[in-house]
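Written out below as structure tokens is the structure these notes cover.
Each reported figure results from applying straightforward, stated rules to the coordinates on display, with no laboratory input. From a predicted model like this one, the values you see are computed outputs, not experimental measurements. Glycine gets a Cβ as well: all are built from the backbone with ideal geometry, and neighbour counts include every protein chain shown.
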Amino acid sequence: MECTDTVVVGGGQAGIAMSEHLSQQGIPHIVLERDRIAERWRTGRWDSLVANGPAWHDRFPNREFSCDVDAFPDKESVADYFVAYAEQIGAPVRTGVEVREVVPLEGRAGFRVTTSDGLIEARHVVAATGPFQRPAIPPVVPQDAAPLQMHSNAYRNPDQLPEGAVLVVGGGSSGVQIAEELMNAGRTVYLSMGPHDRPPRRYRGRDNVWWLGVLGKWNADSPGPGTEHVTIAVSGAEGGKTVDFRKLANRGMTLLGMTAGYDAGKITFAPDLKENLDKGDANYLSVLDEADAYIARHGLDLPEEPEAREIPDDPDCVANPILELDLAAAGVGTILWATGYAFDFSWIKADTFDARGAPIHQRGVAQEHGLYFVGLPWQSRRGSSFIWGVWHDAKFIADQIAIQRSYAAYEGTARRVTEDA
Ligand SMILES: Cc1cc2nc3c(=O)[nH]c(=O)nc-3n(C[C@H](O)[C@H](O)[C@H](O)COP(=O)(O)OP(=O)(O)OC[C@H]3O[C@@H](n4cnc5c(N)ncnc54)[C@H](O)[C@@H]3O)c2cc1C
């Protein structure tokens with residue numbers, strides 16, 4: 001059987017970052033990827049997707065994108081970047097190898113890793129299988145109901161959908177970008193949305209990622225009590241622009257509150273649309289306030305931008321919200337669920353998951369000795385699941401593995417004294 005110190009499962013950005021830091025620590029390892037490097041960027045997203053952050057920011061420290069630093073690279077360029085990065089660091093990635101099971105060894109440290117290409121024994125295992133693993137669709141509309149139901153994970157472009165209007169459920173970064181693309185393609189679009197943050201794309205000459213950085217928000221170490229489900233609506237599409245739901249409504253999109261229920265072809269919505277929009281605006285304006293305070297405090301010479309504070313009036317769909325939609329009467333041919341993802345760690349047979357299947361860990365160090373995670377949402381901070389943030393978390397995990405290796409290598413004073421005698 002093949003033996004190594006560390007098996008990294010997953011060859012996305014998290015697995016590549018992990019490989020870099022393990023190599024720097026001199027730790028023998030293998031990265032196993034069931035598809036290709038950065039496959040989710042390549043085929044797991046819609047065709048027109050570009051990075052949510054500009055090229056100068058959404059990258060690893062030791063390599064730049066070849067495009068303009070302020071541009072938002074398309075998804076193929078992002079995938080190519082990680083392929084090139086893996087080559088640059090000589091990452092020992094084996095593609096086309098699926099990990100089917102990881103089981104702790106009995107009576108000694110380490111794991112038996114069952115793969116599609118045979119067994120491997122490893123002292124440590126790092127699960128780098130992504131923050132977004134299994135598409136999650138809330139059980140609202142029965143599977144056999146009339147409109148096509150699709151998760152954003154499966155959406156590619158407007159031509160793929162059957163004729164008719166589209167109900168997009170979810171007002172985060174995916175939902176709002178897909179909804180706008182469909183509207184631009186001439187579709188009638190309904191967008192059902194919940195609580196959200198919608199930071200300014202740019203303010204006073206600086207991109208949102210810069211403001212998150214200098215205001216310390218990338219390093220926030222938890223989503224905060226009661227805020228776990230607040231999604232963030234940002235977009236790099238069309239060169240990057242602030243998500244403004246009211247402007248979308250003024251262009252013809254119908255906004256709706258949270259999807260609440262379904263009965264006999266009719267969907268109901270919570271009466272929370274205005275509240276959700278107002279809270280999103282409050283979040284937006286609070287970032288402007290903090291940015292202004294930062295500029296004043298540090299004496300920065302950045303241009304004033306008072307027009308950024310202008311919020312359009314409520315469009316009709318907000319003033320008179322639709323609380324029930326007859327799907328057939330509205331001509332809805334597709335319900336597109338942009339409702340996020342769930343974990344699937346069913347292949348790890350270890351006691352380190354809660355009742356919902358979420359990892360129990362501290363900064364990625366699992367409850368099971370020798371098992372680690374990297375790339376989880378909020379693993380150590382807000383930036384953890386993003387390109388630049390995962391690199392730093394991977395460094396921490398490699399350090400933890402090196403520390404455990406030093407403990408394992410220690411032979412004990414007593415034994416040395418005996419041997420010397
Ligand atoms: C629509 C969308 C847009 C995003 N845009 C940005 C952005 O602009 N900037 C940014 O910083 N972040 C962005 N993110 C967040 C994040 O960067 C991506 O989700 C990224 O793909 C996460 O990388 P990862 O390596 O952690 O996981 P993944 O890219 O999901 O990689 C995990 C890999 O593990 C493999 N795998 C899974 N199970 C197994 C197994 N059992 N055996 C072997 N291999 C396995 C998968 O094939 C996959 O290649 C975006 C996310 C989404 C959904």
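Considering Gly194, Gly175, Gly186, which residue is closer than 19 Å to Leu336 by Cα, part of a loop (DSSP other than H, G, I, E, B) and touching a residue at least 40 places away in the same chain (Cβ under 8 Å)?
Testing whether each residue is closer than 19 Å to Leu336 by Cα, part of a loop (DSSP other than H, G, I, E, B) and touching a residue at least 40 places away in the same chain (Cβ under 8 Å) leaves just Gly194.
For the range 344-377, enumerate the residues that are part of a strand (DSSP E or B) and not small (Gly, Ala, Ser).
Ile348, Phe353, Pro359, His361, Gln362, Val365, Leu371, Tyr372, Phe373
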| query | Within the bounds of the range 305-325, is there any residue that is within 16 Å of the ligand (Cβ to nearest atom) and crowded, with 19+ Cβ neighbours inside 10 Å? | reply | no
| task | Tell me which residues, restricted to the range 4-29, are more than 7 Å from the ligand (Cβ to nearest atom), surrounded by 18 or more Cβ atoms within 10 Å (Cβ to Cβ) and assigned to a loop (DSSP other than H, G, I, E, B). | result | Ile27
| remark: Selection from the range 326-351 of residues within 30 Å of Pro104 (Cβ to Cβ) and either away from the ligand (no atom under 16 Å from the Cβ) or under 19 Å from the mean Cα position of the chain (by Cα) (or both) yields Tyr341, Ala342, Phe343, Asp344, Phe345, Asp351
| task | Read through the list (1) crowded, with 23+ Cβ neighbours inside 10 Å; (2) out of contact with any helix residue (DSSP H, G or I) (no Cβ under 9 Å at 6 or more places or on another chain), then give the number of the only condition that Arg34 fails. | result | (1)
| Which condition breaks for Phe111 when tested against (1) surrounded by fewer than 17 Cβ atoms within 10 Å (Cβ to Cβ); (2) more than 8 Å from the ligand (Cβ to nearest atom)? | (1)
| field | In the range 30-57, residue farthest from the ligand (Cβ to nearest atom) [restricted to those that are of a type in the set (A, V, I, L, M, F, W, C) and without any contact (Cβ under 8 Å) to a residue 40 or more places away in the chain] | value | Trp56
| touching a Phe, Trp or Tyr at 6+ places or on another chain (Cβ under 8 Å) and away from the ligand (no atom under 12 Å from the Cβ): does that describe Gly383? | no
| said: Given (1) outside any strand (DSSP E or B); (2) within 9 Å of the ligand (Cβ to nearest atom), identify the lone condition not met by Val83. | reply: (2)
